[in-house]
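To start, the structure under review is shown below, and the notes come after it.
Nothing in this text is a laboratory measurement; each read-out follows from the coordinates by a stated rule. Everything numeric in this text was worked out from a predicted model, so none of it was measured. Reconstructed Cβ throughout: ideal geometry from the backbone, glycine too, with neighbour counts over all protein chains shown.
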Amino acid sequence: MARLFAYTDGACSGNPGPGGWGVLLQAKDGETVVKERSISGGEPDTTNNRMELLAAINALEKLVKASRITVITDSAYVKNGVTSWIHGWKRNGWKTSAKKPVKNVELWQRLDEAQRRHDVTWEWVKGHAGHPENERADELAREGMAPYK
Amino acid sequence: MPDERTIQVYSDRAADYAAFTKTDGAGRLLRGFIQRLQEGALVLDYGCGPGTDSALMMQAGLKVEALDATPAMVELAQSKGVNARLGTFFDLDAMARYDGIWASFSLLHAPRGDMPSHLDAIKRALKPGGHVQIAVKTGTGERRDSIGRLYTFYMPDDLCDLIRDAGLIVDEIHEGRDKGLDGGLANWVSVAAHG
């Protein structure tokens, strides 16, 4: 039974500025990649955090069937947000503990909806630290940004 | 049958298109395709345009044959030393000849109804286990872009289904967005499969 991995990354030129996101999806049987899919996209005026979120959202939304998947991001914002902060935000009606509206709330809600259909394990890796798949996700994110620069 | 107006646009703007597709080196998708093949493998560039990709594949140690329906494009490819000939997608009648077939943003100019025949021809022309990569713009329906080229659009899953219907096995699906010769942004999908 193949296991699914999604490597996600965002990129932004200026913050805010033109940005892109990239996803490398791999189905692995042991260490062998049996199927691969990549997706990228971008926007003319956005932020790095929004691109990191959109990468994760697109990874999960692309999977039509309910799946068990590990999402590997280099964004502590995404990893901490989705595994920890989001529970409090939902309890507080999407307000932070300081009673302020959650930033990028529509993307967090979309991510919450997208992950509900799947069994997701979230992992964080340090970016630009020589992880080959993370480097490829970074290349995809920069490709996604290219038409908007 | 090929769309005469699309061929006319490519004839009139062959030099523009060659400049537009000019590149310092193989992009991510072409690099991936080349990596799947052995050195000296025989490849068909199916709808080669000005021969940009053909020349890069030759530099990477592949043998290349190329086909395009626009005479000016064939001439441009030949000027790069590419073994290119004039012909439509229907002129692919080889049997188990190629290790790889590269159809990059070419088959999107064929009518939807002809696509299954072209994919069958690809499957027949590939050696067993040979690799093919097909890129099109994504969407639905058919329409002309602002400079007159006729496009048939495919959703990624529909293109994969057609490729599977031809008896090929899908390995990779890549999706992105880029500017075209018409200046507009378009979403695209590139599917890697093998026979």
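Per-residue ellipticity at 222 nm, computed for chain A from helices alone with -39500 (n - 2.57) per DSSP H run of at least four residues, works out to -10500 deg cm²/dmol.
Put a plus charge on the Cβ of each Lys and Arg, a minus charge on the Cβ of each Asp and Glu, and nothing anywhere else: the dipole of region A:1-111 about its Cα centre is then about 640 debye.
Assuming R0 = 35 Å, can you tell me the calculated FRET efficiency for the pair residue A:15 and residue B:1, based on Cβ-Cβ distance, to the nearest 0.05?
Working: r = 51 Å, r/R0 = 1.47.
Calculated transfer efficiency: 0.10.
Exposure proxy check: B:95, B:58 ranked by fewest other beta carbons within 10 Å? Intermediate results must be reported in sequence, preceding the final value.
Details: B:95 9, B:58 19.
Result, fewest neighbours first: B:95, B:58.
About the Cα centre of region B:14-75, what is the dipole size in debye to 20, counting +1 per Lys and Arg Cβ and -1 per Asp and Glu Cβ, all else neutral? Walk me through the numbers on the way to the answer.
On the way: 5 positive and 8 negative charges, 60 e Å.
Value, rounded to 20: 280 debye.
Arranged from fewest to most other beta-carbon atoms within 10 Å of their beta carbon, A:13, B:54 become A:13, B:54.
Of A:28/A:62; A:35/A:62; A:79/A:126; B:63/B:123; A:149/B:80, which ones are farther than 21 Å apart at the Cα?
On the way: A:28/A:62 17 Å; A:35/A:62 14 Å; A:79/A:126 12 Å; B:63/B:123 19 Å; A:149/B:80 31 Å.
Distance filter (> 21 Å) returns A:149/B:80.
Going by neighbour counts of Cβ atoms within 10 Å, the residues B:160, A:12, B:48 line up, fewest first, as B:160, A:12, B:48. Dipole of the protein assembly as shown computed with +1 at Lys/Arg Cβ and -1 at Asp/Glu Cβ about the Cα centre; of B:173, B:129, A:41, farthest Cα towards the positive end is A:41.
For chain B, calculate the relative contact order in percent as a whole number, restricting contacts to Cα pairs under 8 Å that are 6 or more residues apart. Present the calculation step by step, with values, prior to reporting the outcome.
Details: 405 pairs, mean separation 37.3, N = 195.
Relative contact order comes out at 19 percent.
Largest first and in whole Å, the equivalent-ellipsoid semi-axes of the protein assembly as shown read 39, 22, 18, each the square root of five times a Cα gyration tensor eigenvalue. Kirkwood hydrodynamic radius, computed over distinct alpha-carbon pairs, for chain B: how many Å, to one decimal? Result for chain B stands at 16.5 Å. The alpha carbon centroids of region B:133-195 and region A:1-37 are separated by 20 Å.
For the modelled label position 7 Å from the Cα of residue A:92 along Cα-to-Cβ, which residues of region A:65-81 have backbone nitrogen atoms closer than 18 Å? Once the point is set 7 Å along Cα→Cβ of residue A:92, A:77-81 turn out to lie under 18 Å by backbone N, inside region A:65-81.
Under unit Cβ charges (Lys, Arg +1; Asp, Glu -1), what dipole magnitude, rounded to 20 debye, does the protein assembly as shown have relative to its Cα centre? Kindly include the intermediate steps, with their values, before the conclusion.
Values: 43 positive and 46 negative charges, 261 e Å.
So the dipole magnitude of the protein assembly as shown works out to roughly 1260 debye.
Based on Cα contacts under 8 Å between residues 6+ apart, region B:100-161 shows a relative contact order of 39 percent. For region A:63-112, the residue among A:96, A:73, A:111 whose Cα projects farthest onto the positive side of the dipole built from Cβ charges is A:96.
Peptide B:172-181 has a mean of 6 when you count, residue by residue, the C-beta atoms of other protein chains within 10 Å of its C-beta. For chain A, the Stokes-Einstein estimate of translational diffusion at 10 °C and a viscosity of 1.306 mPa s comes to 103 µm²/s, using the Kirkwood hydrodynamic radius over alpha-carbon pairs.
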